[in-house]
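J.: Handing you this structure, nothing more for now.
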Amino acid sequence: MRRAGVPLRREVMSGRLEGKTYVREGARVVVNSRNPEDCAAVARELGPGAVAVPADLSRSDEVCRLAAEAQAALGGVDILVNNAGQPRVAPSESLPEVDYRYTLDLNLNGYFVLTQQVVQGMFALGSGSIIHVSSMDGIDRGGLPA
């Protein structure tokens, strides 16, 4: 998990499983969810190395706030794990445009804006890692026609 000679320090946007691993390895993490109660519950479960910052990643203003609060809470970000995602699945001919736009805003634009918000700090630190997690829907549509 660690690169030789580089201490693992600060990570943002972790899911529960990733968060447990990073905290166990000594990292401080920021946990995000749209639901403030869920977000706080996961942070409590992870322990004192975790901070809850609820935000809706389909909204650029909330993504920017999340990035600012994460950087303030952690003193910078060494690792960004973009793993937000929620499919709104239907055949293309019946998928409402609002659902299509929401999916793009969350699954694509949210990653882009969040990465933009933290990468300059990584450049200033001289290191950093960005991990983008995608969906199995790109491989397996659960029986829906492509």
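J.: What number of residues in the range 103-128 are part of a helix (DSSP H, G or I), surrounded by fewer than 16 Cβ atoms within 10 Å (Cβ to Cβ) and not polar (S, T, N, Q)?
T.: Here the count works out to 7.
J.: If Thr115 meets every condition in (1) among the polar types (S, T, N, Q); (2) out of contact with any Leu (no Cβ under 7 Å at 6 or more places or on another chain); (3) at pLDDT 90 or above; (4) within 19 Å of Glu18 (Cβ to Cβ) apart from one, which number is that one?
T.: (2)
J.: Using the structure shown, decide if Ala72 is within 25 Å of Ser127 (Cβ to Cβ), without any contact (Cβ under 8 Å) to a residue 24 or more places away in the chain and out of contact with any strand residue (DSSP E or B) (no Cβ under 7 Å at 6 or more places or on another chain).
T.: Considered against the rule, which asks whether it is within 25 Å of Ser127 (Cβ to Cβ), without any contact (Cβ under 8 Å) to a residue 24 or more places away in the chain and out of contact with any strand residue (DSSP E or B) (no Cβ under 7 Å at 6 or more places or on another chain), Ala72 comes out as yes.
J.: What's the number of the only condition in (1) closer than 20 Å to Val30 by Cα; (2) in contact with a Ser or Thr (Cβ under 6 Å, 6 or more places away or on another chain); (3) modelled with pLDDT of 90 or more; (4) not basic (Lys, Arg) that Tyr102 fails to meet?
T.: (1) is the only condition that Tyr102 fails.
J.: I'd like to know if the range 3-14 contains one or more residues that are modelled with pLDDT of 85 or more, within 19 Å of Val63 (Cβ to Cβ), among the small types (Gly, Ala, Ser) and under 14 Å from the mean Cα position of the chain (by Cα).
T.: no
J.: Given the conditions (1) modelled with pLDDT under 90; (2) surrounded by fewer than 21 Cβ atoms within 10 Å (Cβ to Cβ), and given that Arg65 satisfies all but one, which numbered condition is not satisfied?
T.: (1)
J.: Does any residue of the range 75-98 turn out to be of a type in the set (A, V, I, L, M, F, W, C), under 15 Å from the mean Cα position of the chain (by Cα), modelled with pLDDT of 90 or more and in a helix (DSSP H, G or I)?
T.: Scanning the range 75-98, I find no residue that is of a type in the set (A, V, I, L, M, F, W, C), under 15 Å from the mean Cα position of the chain (by Cα), modelled with pLDDT of 90 or more and in a helix (DSSP H, G or I), so the answer is no.
J.: What tally of residues in the range 56-74 results from selecting those that are part of a helix (DSSP H, G or I) and among the charged types (D, E, K, R)? So that I can check it myself, show each step before the final result.
T.: Taking the range 56-74 and keeping what is part of a helix (DSSP H, G or I), we get 60-74.
Within this subset, residues satisfying the condition of being among the charged types (D, E, K, R) are 61-62, 65, 69.
Residues flagged as part of a helix (DSSP H, G or I) and among the charged types (D, E, K, R) within the range 56-74 amount to 4.
J.: Scanning the range 41-52 for residues that are farther than 20 Å from Gly75 by Cα and of a type outside the set (D, E, K, R), which turns out surrounded by the most Cβ atoms within 10 Å (Cβ to Cβ)?
T.: Step by step, filter the range 41-52, then rank; the result is Val42.
J.: Being over 25 Å from Asp105 (Cβ atoms) and either in contact with a Lys or Arg (Cβ under 7 Å, 6 or more places away or on another chain) or modelled with pLDDT of 90 or more (or both) is the filter here; which residues of the range 26-40 pass it?
T.: Ala27, Arg28
The values are calculated or read from the model by the stated rules, or taken from the named source; none is laboratory data. Keep in mind the model is a prediction, meaning the values are calculated, not measured. In this analysis, Cβ positions are derived from the backbone assuming ideal geometry, glycine residues included, and neighbour counts consider all displayed protein chains.
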